[in-house]
Ligand code: AMP
Ligand code: GLY
């Protein structure tokens, strides 16, 4: 089977690696992929948002199944477009993708279905912002309604900041929407919970904890994610039941009632307080870097799972997981999430000897004249698994120290919550 994988990050390299190990014989084409995927698949350099050109290429390479990694093509309706053109695709359709594509849509759904989430107000003008400010205590969270490439959320400590940021969004700072969602600030511990769903059923697809802040000790600005581990021990059995009953089932039933059942991976971003889950956000895809720590623990054939999902037969597959703990540390370009250098040479990756349980997933890399270059803020994801996260982290850091790249940095404290709490973790 010829498979197309859409995207170019660490998540897609991890998906590509897993697909390449499938027992179902396949040939993978990455659109556009990165230097890591080029070793196990054929990279096709193209703009994934130009759907007509993408369709031409998919036909040229006789693709039978398309797996979509990132949110933007999903929110813009790639799955609907491919299905209309008789190509099977894994991922939610345009309507269901509004769970991530519009925070206002997601919040209205929460209200209708009584899903626990932060109190909020959808605002179209300054008067509405001022009204919300009068009734609520600081800090407050200002969110752009539409997709904002991870830059749409600001936690504000002053009223002035809330007003200024809202005004910028009203003026069109983000092209996707001019609406603002104001929210109360939730305290607690964050966790990422995943499911996979077809038209009729869903199954849990792992848990993880990401580290969003750039600096050790969870300080500094937000990033796309500096490292993660799976599973997330905070998601105990009791909490899992609550997440499913209070958040997952009402959401899936809402979409079914609206004749747009959810299909694909769904990322449930949570704040946990006193063993109660509150929904922060939905993402209509796997997380990045969460995917890189969940997939190495997956024992069931990924292509079998995806094929069953696309054919609405998820019920008949048993998804098995390893009990090992997995961690990834993101090696970033110095300066990220601000300005950073691109096209900087990473010298010796090809010659590094790493253990069988360790992977280097590429995120922002490419080959040019046989040299490996960085192309983004998040560049490599050094990933490993084992019985004890402290040892796993030591192993990862050992590998990072061998990488000859002068323009990189990383957080040494990934997993601090679980490693410091419990020596035997
Ligand atoms: P989002 O894009 O909605 O996931 O927001 C990005 C990050 O901002 C989240 O991962 C949280 O760390 C933080 N955040 C968003 N909303 C809230 C909230 N209501 N209370 C506290 N933190 C939040
Ligand atoms: N790790 C955060 C995200 O994938 O959005």
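Tell me, which residue of region 197-219 that is more than 16 Å from ligand 2 (Cβ to nearest atom) and part of a strand (DSSP E or B) is nearest to residue 339 (Cα to Cα)?
Among residues in region 197-219 that are more than 16 Å from ligand 2 (Cβ to nearest atom) and part of a strand (DSSP E or B), the one nearest to residue 339 (Cα to Cα) is 215.
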Q: Output the number of residues of region 97-107 satisfying the condition of being surrounded by 24 or more Cβ atoms within 10 Å (Cβ to Cβ) and touching a strand residue (DSSP E or B) at 6+ places or on another chain (Cβ under 8 Å).
A: 3
Q | Out of 206, 188, 220, sole residue that is at positive phi and surrounded by 23 or more Cβ atoms within 10 Å (Cβ to Cβ) | A | 206
Q | Residue count, region 53-69 (criterion: more than 10 Å from residue 85 (Cβ to Cβ) and out of contact with any helix residue (DSSP H, G or I) (no Cβ under 9 Å at 6 or more places or on another chain)) | A | 7
Q | Condition met for residue 52 (out of contact with any strand residue (DSSP E or B) (no Cβ under 7 Å at 6 or more places or on another chain), free of Cβ contacts under 8 Å to residues at least 24 places away in the same chain and in a loop (DSSP other than H, G, I, E, B)) | A | no
Q.
Looking at region 273-302 only, could you name the residues that are within 16 Å of ligand 2 (Cβ to nearest atom) and over 11 Å from the mean Cα position of the chain (by Cα)?
A. 279, 280, 281, 293, 294, 295
Q. Name the residues in region 114-139 that are surrounded by fewer than 15 Cβ atoms within 10 Å (Cβ to Cβ), assigned to a helix (DSSP H, G or I) and in contact (Cβ under 8 Å) with a residue 40 or more places away in the chain, would you?
A. 126
Q) Quick one: in region 140-169, which of the residues that are touching a residue at least 24 places away in the same chain (Cβ under 8 Å) and assigned to a helix (DSSP H, G or I) is nearest to ligand 2 (Cβ to nearest atom)? A) 169
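Tell me, yes or no, whether region 25-45 has at least one residue that is within 30 Å of residue 258 (Cα to Cα), in contact (Cβ under 8 Å) with a residue 40 or more places away in the chain and not in a strand (DSSP E or B).
No, there is no match, as no residue in region 25-45 is within 30 Å of residue 258 (Cα to Cα), in contact (Cβ under 8 Å) with a residue 40 or more places away in the chain and not in a strand (DSSP E or B).
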Q) Out of region 2-29, which residues are more than 18 Å from residue 299 (Cα to Cα), modelled with pLDDT of 95 or more and more than 18 Å from the chain's Cα centre (by Cα)? A) 2, 3, 4, 27, 28, 29
Q. Name the residues in region 140-183 that are more than 22 Å from the chain's Cα centre (by Cα), surrounded by fewer than 17 Cβ atoms within 10 Å (Cβ to Cβ) and within 11 Å of ligand 1 (Cβ to nearest atom), would you?
A. none
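To keep it simple, each residue is scored yes or no on (1) in contact (Cβ under 8 Å) with a residue 40 or more places away in the chain; (2) within 16 Å of ligand 1 (Cβ to nearest atom); (3) touching a strand residue (DSSP E or B) at 6+ places or on another chain (Cβ under 9 Å).
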| position | (1), (2), (3) |
| --- | --- |
| 199 | yes, no, no |
| 208 | yes, yes, yes |
| 212 | no, yes, yes |
| 216 | yes, no, no |
| 221 | yes, yes, yes |
| 235 | yes, yes, yes |
| 245 | no, no, no |
| 262 | yes, no, yes |
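The values are calculated or read from the model by the stated rules, or taken from the named source; none is laboratory data. As the structure is a prediction and not an experimental result, all values here were calculated from the model. Cβ: placed from backbone, ideal geometry, glycine included. Neighbour counts: every protein chain shown.
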